[in-house]
Amino acid sequence: MHTDSIAVLGLGLMGRAIARRLAEQGFRVSGYNRSPLDDPDLVKAEISVTQDLAAAVQETPIIWIMLSDFAACESILLSESAASLWQNRLIINAATIAPDESRTLAAAVRNLGGRYLEAPVLGSTPQAISGGLQILLGGDPADIDTATPILSALGTPAHFGFVGQGAAAKLAMNQLIGSLTAAFSMSLGLIQRESVSVETFMTTLRQSALYAPTFDKKLDRMTDRNFTEANFPLKHLLKDIRLFKTAADPQGIDTRLIDSLADVLEQGVRSGHADDDYCALFDTIVRAE
Ligand code: NAP
């Protein structure tokens, strides 16, 4: 096995970007995807792509998981045919999943003789391509040491503690993505409907303690109602908001606001925004006239 080689399992939006970044940084990258892929950028980066899991991980001691959710992680990591693949390998799981789900996977992988590091990421495809991700780690320091060259190539790691604690931190962040985007959508909607100058409103907002940079990041897309070419699709934000509720309810946290946010996101999915950027929340909250 080559110590500078890594397999990326799941070549969706983020998996493709991460695979390319690692290849550019000198790693030998092999990729696995459930469905066939035809991506010239991966070919250009000399990343082999296969639908054969065993072939993808054959030469690599380290495996980066970038699958959509727990069900996908379970079906890849815990299938009968994959049981012998993880022995002595380090699984770095960057999917956004719940703390309990991550603990379940960690226990199962360790039971199969593998190592498991939780590494959900903050940032999207532009940050993955430029090495600007924030990586929220949960796991053993020894596994972090092994993963350090890879983590450093992708961005800035922060160690939150045990497996489950990185996942909890990631859900706490994504709850803010949803809530801040919904809150800004409502305010921007009122400004537009009352024919108030958006520019004057934004200038005042930027000078106040209420401002968050994400507002400006999404402002043009909202005012133009341009939600295509997603970096982070609305359907995944819905998944994460539901995961937040699952994790927060048993902790005695009042999640009624999250219920409403999930309703609005579900409506966005039903109205065709599932694969659009999550700022399509604006289109559900402030209907086009
Ligand atoms: P995506 O574009 O939807 O890609 C999902 C990947 O998971 C695809 O490779 C898909 O394979 C695979 N997959 C789904 N179900 C599967 C199953 N049952 N078995 C095997 N493979 C399966 O998602 P993404 O945006 O790359 O996000 C991946 C993860 O990162 C998610 O947990 C997301 O919440 C998180 N994340 C995303 C962003 C972002 O900005 N996009 C940022 C931070 C974190 P197919 O091609 O065969 O469907």
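The values are calculated or read from the model by the stated rules, or taken from the named source; none is laboratory data. Keep in mind the model is a prediction, meaning the values are calculated, not measured. Counting neighbours? That spans all protein chains shown, and the Cβs are built from the backbone with ideal geometry, glycine included. Just the protein is used for accessible areas: all its heavy atoms, side chains included, with ligands, DNA and RNA removed. Shrake-Rupley method; radii C 1.70, N 1.55, O 1.52, S 1.80 Å.
Which of the residues belonging to the stretch 147-181 are buried (at least 18 other Cβ atoms within 10 Å of the Cβ) and over 19 Å from the mean Cα position of the chain (by Cα)?
none
Taking Ser197 and the conditions (1) of a type in the set (Ser, Thr, Tyr); (2) surrounded by fewer than 19 Cβ atoms within 10 Å (Cβ to Cβ); (3) within 16 Å of the ligand (Cβ to nearest atom), which numbered condition does it fall short on, given that it satisfies the others?
That leaves (3) as the condition not met.
Quick one: in the stretch 118-134, of everything that is open to solvent by 10 Å² or more (accessible area, probe 1.4 Å) and of a type in the set (Gly, Ala, Ser), which residue is nearest to the ligand (Cβ to nearest atom)?
This residue is Ser124.
I need the full set of residues from the stretch 81-117 which are within 15 Å of the ligand (Cβ to nearest atom), open to solvent by 10 Å² or more (accessible area, probe 1.4 Å) and in contact (Cβ under 8 Å) with a residue 60 or more places away in the chain, in order please.
Thr96, Pro99, Glu101
For Gln267, which of the numbered conditions (1) of a type outside the set (D, E, K, R); (2) within 22 Å of Ala95 (Cβ to Cβ); (3) not in a loop (DSSP other than H, G, I, E, B) fails to hold?
Gln267 satisfies every listed condition except (2).
Count, please, the residues in the stretch 217-239 that happen to be more than 19 Å from Gln267 (Cβ to Cβ) and open to solvent by 50 Å² or more (accessible area, probe 1.4 Å).
As a first pass, look at the stretch 217-239 and keep what is more than 19 Å from Gln267 (Cβ to Cβ): 217, 219-220, 223-224, 226, 229, 231.
From the residues that got through so far, the ones that are open to solvent by 50 Å² or more (accessible area, probe 1.4 Å) too are 217, 220, 223-224, 226, 229, 231.
So the count comes out to 7.
So in the stretch 52-80, with the set limited to residues that are near the ligand (Cβ under 9 Å from one of its atoms) and of a type in the set (S, T, N, Q), which one is surrounded by the fewest Cβ atoms within 10 Å (Cβ to Cβ)?
Ser75
Filtering the stretch 1-14 down to residues that are out of contact with any Gly (no Cβ under 6 Å at 6 or more places or on another chain) and outside any loop (DSSP other than H, G, I, E, B), which residue is farthest from the ligand (Cβ to nearest atom)? Talk me through it step by step, then tell me what you get.
As a first pass, look at the stretch 1-14 and keep what is out of contact with any Gly (no Cβ under 6 Å at 6 or more places or on another chain): 1-7, 9-10, 12-14.
When the remaining residues are screened for being outside any loop (DSSP other than H, G, I, E, B), the result is 5-7, 9, 13-14.
Numbers: Ser5: 20, Ile6: 16, Ala7: 13, Leu9: 8, Leu13: 4, Met14: 3 Å.
Looking at the filtered set, the residue picked out is Ser5.
Going by the conditions given, is Ala17 touching a residue at least 12 places away in the same chain (Cβ under 8 Å) and either near the ligand (Cβ under 10 Å from one of its atoms) or assigned to a helix (DSSP H, G or I) (or both)? Let's see the steps before the verdict.
On the way: touching a residue at least 12 places away in the same chain (Cβ under 8 Å): yes; either near the ligand (Cβ under 10 Å from one of its atoms) or assigned to a helix (DSSP H, G or I) (or both): yes.
In short, yes.
Filter the stretch 35-51 down to residues that are within 13 Å of the ligand (Cβ to nearest atom), in contact (Cβ under 8 Å) with a residue 24 or more places away in the chain and part of a loop (DSSP other than H, G, I, E, B) and give me whichever is nearest to Ile65 (Cα to Cα). Steps first, please.
To start, the set of residues in the stretch 35-51 that are within 13 Å of the ligand (Cβ to nearest atom) comprises 35-39, 42, 49-51.
Restricting the remaining residues to those that are in contact (Cβ under 8 Å) with a residue 24 or more places away in the chain gives 37, 39, 42, 49.
The next check asks that each one be part of a loop (DSSP other than H, G, I, E, B); those that pass are 37, 39.
Values: Leu37: 17, Asp39: 19 Å.
By that ranking, first place goes to Leu37.
Tell me, yes or no, whether the stretch 135-149 has at least one residue that is within 11 Å of the ligand (Cβ to nearest atom) and closer than 20 Å to Ala17 by Cβ. Give the derivation first.
Start the filter on the stretch 135-149 by keeping residues that are within 11 Å of the ligand (Cβ to nearest atom), which leaves 135-136.
Right, trim to closer than 20 Å to Ala17 by Cβ and you get 135-136.
Taking every residue of the stretch 135-149 in turn, at least one turns out to be within 11 Å of the ligand (Cβ to nearest atom) and closer than 20 Å to Ala17 by Cβ.
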